[in-house]
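Everything on this sheet refers to the single structure shown next.
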Ligand code: FES
């Protein structure tokens, strides 16, 4: 210890201070931009925005379209790479109001290196953004999107080697990307897809999935059809995505993960079915497809909640008071009243809309509850999945 202290040479150290101060004084006041390789790579992987244009539109039935997006060549020269399962947030301005929607990428990670993403959009009944996209996006339209985001991707350290994927309707899109990544050799797991649709006519990506199954022995596709009169082809199933059906395709004596992506009704149905599987929590992964609406049918939703709610919101120095409906999330209420809230996933997971609840109570569907203990402690909420139970006073951070 003594020799360590002696080696400090305190006198010499002190004599350096004036010299150091002089160098500080000589320095320029402006911020010096330092861009090293690591910074450049980080920026390329996680750009704040990507500026794209539509190269091609593929019709998928009456109410679904795939949009092939390529860099605009000016503000964006190449696309950010991503893990299969991620989504892009689309930024649009509709009637002067900035809005966002998240859409899973249905192309493969490899295709992003070739310069294209594919987003598949289903026309939602009464949906503001999907309707706008259907009416306005055409070949050549410029589109602004986020970097690929989300956690719905295969993680070898967490997930089992065999994955049962449960898809409903247009919730198939992240699984198309995953299946492509498996077939390309970019992901290494066995993917069994149980795809719930009403009839053969409503199946999306039928040809692509059949080709992927043929091309790669790690991929199995089973269509599960629910319409009563439907005649099921060999290898497909009739009915719903039940625990019994999942067990039929799951390995018997080894762990497996279950990945789920579909509409709200599918999650409501799967709740009890998944419990019967007795899987460890880490083996169940889900992605909400589309926004959650009207939580009143959830079994833990309290009784006697008024329909009309007043929301008082502070944004910087401005305070707005708006009328809302308890069936709408706080984000939906604010947006319907022309108040923009920062958002990405719109399903509780990214934390981007993180706000403060100053007074009142909210209900958060348990499948969308991603807040940490500290968030509860400091009154933080995610307005995208918080439904008012009483009049609310809240504070929204400024746009990000
Ligand atoms: S937008 Fe992602 S948590 Fe609200």
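The values are calculated or read from the model by the stated rules, or taken from the named source; none is laboratory data. Remember, it's a predicted structure, so these values are computed and weren't measured experimentally. Quick reminder, even Gly has a Cβ in these numbers, built from the backbone with ideal geometry, and neighbours come from all protein chains shown.
Show the residue pairs meeting these rules: Cβ distance below 7 Å; 6+ apart or different chains; first residue within region 61-84 and surrounded by fewer than 16 Cβ atoms within 10 Å (Cβ to Cβ); second residue part of a loop (DSSP other than H, G, I, E, B).
63/123; 78/115
Kindly evaluate residue 313 against the criterion of being outside the structural domain of residue 88 (by TED's automatic domain parsing), within 16 Å of the ligand (Cβ to nearest atom), over 22 Å from the mean Cα position of the chain (by Cα) and crowded, with 18+ Cβ neighbours inside 10 Å.
Considered against the rule, which asks whether it is outside the structural domain of residue 88 (by TED's automatic domain parsing), within 16 Å of the ligand (Cβ to nearest atom), over 22 Å from the mean Cα position of the chain (by Cα) and crowded, with 18+ Cβ neighbours inside 10 Å, residue 313 comes out as yes.
Which strands (runs of 3 or more DSSP E) does region 91-148 wholly contain that include 2 or more residues that are within 16 Å of the ligand (Cβ to nearest atom)?
Counting at least 2 such residues, we get 97-104.
Being free of Cβ contacts under 8 Å to residues at least 40 places away in the same chain and within 21 Å of residue 335 (Cα to Cα) narrows it down to one residue among 89, 93; which is it?
The unique qualifying residue is 93.
Could you look through region 323-356, keep only residues that are away from the ligand (no atom under 12 Å from the Cβ) and under 18 Å from residue 305 (Cα atoms), and pick out the one that is surrounded by the fewest Cβ atoms within 10 Å (Cβ to Cβ)?
323
Since residue 48 meets every condition but one in (1) modelled with pLDDT of 95 or more; (2) out of contact with any strand residue (DSSP E or B) (no Cβ under 7 Å at 6 or more places or on another chain); (3) within 16 Å of the ligand (Cβ to nearest atom), which condition does it not meet?
(1)
Each row is one residue, and each column tells you yes or no for (1) assigned to a strand (DSSP E or B); (2) under 14 Å from residue 141 (Cβ atoms); (3) in contact with a strand residue (DSSP E or B) (Cβ under 8 Å, 6 or more places away or on another chain).
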| residue | (1), (2), (3) |
| --- | --- |
| 39 | no, no, no |
| 44 | no, no, no |
| 56 | yes, yes, yes |
| 61 | no, no, no |
| 68 | yes, yes, yes |
| 74 | no, no, yes |
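What about residue 222, is it closer than 25 Å to residue 105 by Cβ and free of Cβ contacts under 8 Å to residues at least 60 places away in the same chain?
yes
Scan (1) farther than 29 Å from residue 164 by Cβ; (2) assigned to a loop (DSSP other than H, G, I, E, B); (3) within 18 Å of the chain's Cα centre (by Cα) for the single condition residue 397 breaks and write down its number.
(3)
Listed residues 101, 116, 158; which is closer than 23 Å to residue 55 by Cα and either surrounded by fewer than 22 Cβ atoms within 10 Å (Cβ to Cβ) or in the same structural domain as residue 341 (by TED's automatic domain parsing) (or both)?
Result: 116 is the single residue among 101, 116, 158 that is closer than 23 Å to residue 55 by Cα and either surrounded by fewer than 22 Cβ atoms within 10 Å (Cβ to Cβ) or in the same structural domain as residue 341 (by TED's automatic domain parsing) (or both).
Please report, ordered by residue number, the strands (runs of 3 or more DSSP E) entirely within region 292-379 with at least 3 residues that are without any contact (Cβ under 8 Å) to a residue 24 or more places away in the chain.
Fully inside region 292-379 and qualifying: 318-325.
Being farther than 19 Å from residue 87 by Cβ and buried (at least 19 other Cβ atoms within 10 Å of the Cβ), is that true of even one residue in region 300-308?
Checked against the condition, which is being farther than 19 Å from residue 87 by Cβ and buried (at least 19 other Cβ atoms within 10 Å of the Cβ), region 300-308 yields no hits at all.
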